[in-house]
1. Being assigned to a helix (DSSP H, G or I) and touching a helix residue (DSSP H, G or I) at 6+ places or on another chain (Cβ under 9 Å) is the filter; apply it to the range 1-39 and report the residue that is surrounded by the most Cβ atoms within 10 Å (Cβ to Cβ).
2. Looking at (1) part of a loop (DSSP other than H, G, I, E, B); (2) more than 16 Å from the chain's Cα centre (by Cα); (3) surrounded by 11 or more Cβ atoms within 10 Å (Cβ to Cβ), which one does Val108 not meet, given that it meets all the others?
3. Got a sec? Which of Thr75, Thr118 is at pLDDT 90 or above, buried (at least 16 other Cβ atoms within 10 Å of the Cβ) and over 27 Å from Ala32 (Cβ atoms)?
4. I need the full set of residues from the range 44-79 which are assigned to a loop (DSSP other than H, G, I, E, B) and either under 23 Å from Lys31 (Cα atoms) or not aliphatic (A, V, I, L, M) (or both), in order please.
Amino acid sequence: MYQYMRIQGRDNSYATGYPKGIFSLCWNLIKAQVLTAEEEAMFRSVDAWFKAELPEPEPCKQHEQVITFFKCGSTEQMLRKLEPAVRLLDKYHVPYDVVYTNAVGTVVYEDEWQVAVTVKDGKMV
């Protein structure tokens, strides 16, 4: 049984050097003006739901070099909410991986749904 899950791309973030997460991948589609207006509105509603329902980790607010993982024990609802975003990645052929792990390195934030971990030079510390 795995403790943590993350949906991530295959391109690294310029900020962390670690693969971009699903939200960054979808924001990249918006910045590239690839999505239809309806798709963009749908993703923005997914993003808004997460911002309203999950606390934003303080290290993320401070733009520290961290990445987040969902806790497997509480991800079922999160995965349902993320399905439309995953469908966008599939539709626009954005490669991604669903990573399950027990080894996440140094946890600098934790709540009921997620953890934030420190990364340095593209690796979890």
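1. Just the residues of the range 1-39 that are assigned to a helix (DSSP H, G or I), to begin with: 22-31, 37-39.
Next cut, touching a helix residue (DSSP H, G or I) at 6+ places or on another chain (Cβ under 9 Å) only: 22-23, 25-27, 29-30, 39.
Numbers: Ile22: 20, Phe23: 17, Leu25: 23, Cys26: 27, Trp27: 15, Leu29: 19, Ile30: 15, Glu39: 19.
The qualifying residue surrounded by the most Cβ atoms within 10 Å (Cβ to Cβ) is Cys26.
2. So the condition that Val108 fails would be (1).
3. Unique residue meeting the criteria: Thr118.
4. Filtering the range 44-79 down to residues assigned to a loop (DSSP other than H, G, I, E, B) leaves 54-57, 62-65, 75.
Across the range 44-79, the qualifying residues are Pro55, Glu56, Pro57, Gln62, His63, Glu64, Gln65, Thr75.
Let's see how each residue does on (1) crowded, with 17+ Cβ neighbours inside 10 Å; (2) under 15 Å from the mean Cα position of the chain (by Cα); (3) of a type in the set (Ser, Thr, Tyr); (4) closer than 20 Å to Pro19 by Cβ:
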| site | (1), (2), (3), (4) |
| --- | --- |
| Phe43 | yes, yes, no, yes |
| Arg80 | no, yes, no, no |
| Val86 | yes, yes, no, yes |
| Asp90 | no, no, no, yes |
| Pro95 | no, yes, no, yes |
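The values are calculated or read from the model by the stated rules, or taken from the named source; none is laboratory data. What you are looking at is a predicted structure, and each value in this text was computed from that prediction instead of being measured. Positions of Cβ are generated from backbone atoms using ideal geometry, with glycine treated the same way; all protein chains shown enter the neighbour counts.
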